[in-house]
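The values are calculated or read from the model by the stated rules, or taken from the named source; none is laboratory data. It should be emphasised that the depicted structure is a prediction, and the values quoted were computed from it without experimental measurement. When we count neighbours, we look across all protein chains shown, and the Cβ atoms used for this are built from the backbone with ideal geometry, even at glycine.
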């Protein structure tokens, strides 16, 4: 949900929901261990 605010001849669109309210609402793509493994691999190549 968003709110439209008219200000100084502009329209500002702001979300009405804080991002912290929706955290965890989407299934993660990778597990924590998969992320850690990928970071280790990338560091080794760097």
Problem - Output for segment 12-33, where each listed residue is out of contact with any strand residue (DSSP E or B) (no Cβ under 7 Å at 6 or more places or on another chain) and either in contact (Cβ under 8 Å) with a residue 60 or more places away in the chain or in a loop (DSSP other than H, G, I, E, B) (or both) - result: 17, 18, 23, 24, 25, 26, 27, 28, 29, 30, 31
Completion exercise
When every residue in segment 22-46 that is under 22 Å from the mean Cα position of the chain (by Cα) and surrounded by 10 or more Cβ atoms within 10 Å (Cβ to Cβ) is compared, the one modelled with the lowest pLDDT is 22
